[in-house]
Amino acid sequence: MNGIVGNQIKYILIQTNTVEGSTAPQEAMFYNEYNNTLTSSGDINTATKFKEEDLEKVQSIASLQTQLAALFGKLFKYEVIKETIERTVVE
């Protein structure tokens, strides 16, 4: 998207509990690029929203974090969700 009006795609990293029947909520994640850490944002609006061209990067982060969680016996995985924002002029 080159301007304000139009469609914009963002990707958000989420953490999901893998326990069968779990009622634990999915958590949107905040990614600190300075030190490569993830923290739960508590609100999807404050989560890191990766640009469309960063899809491969966020998928790699999700894959790595899921592998680390499995290695350390954590019962969750990381996934990427897509958010599409449409902006139009109101007349």
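Annotations
- Annotation note: Cβ proximity below 6 Å between a residue of segment 21-34 that is under 15 Å from A47 (Cα atoms) and open to solvent by 50 Å² or more (accessible area, probe 1.4 Å) and a residue that is of a type outside the set (F, W, Y) and not in a strand (DSSP E or B) (sequence gap 6+ or interchain) occurs for F30/S41; F30/A47; F30/T48.
- Number of positions in segment 71-91 that are open to solvent by 100 Å² or more (accessible area, probe 1.4 Å), of a type in the set (D, E) and touching a residue at least 40 places away in the same chain (Cβ under 8 Å): 1
- Of all residues in segment 37-70 being in contact (Cβ under 8 Å) with a residue 12 or more places away in the chain and in a strand (DSSP E or B), the one that is least open to solvent (accessible area, probe 1.4 Å): F50
- Selection status of Q8, out of contact with any helix residue (DSSP H, G or I) (no Cβ under 6 Å at 6 or more places or on another chain), in contact (Cβ under 8 Å) with a residue 12 or more places away in the chain and open to solvent by less than 70 Å² (accessible area, probe 1.4 Å): yes
The values are calculated or read from the model by the stated rules, or taken from the named source; none is laboratory data. On a predicted model such as this, the values are computed, not experimentally measured, just so you know. Cβ atoms come from the backbone with ideal geometry, glycine included; neighbour counts cover every protein chain shown. Please note that ligands, DNA and RNA were not included when accessible areas were found on the heavy atoms of the full protein model with its side chains. Shrake-Rupley method; radii C 1.70, N 1.55, O 1.52, S 1.80 Å.
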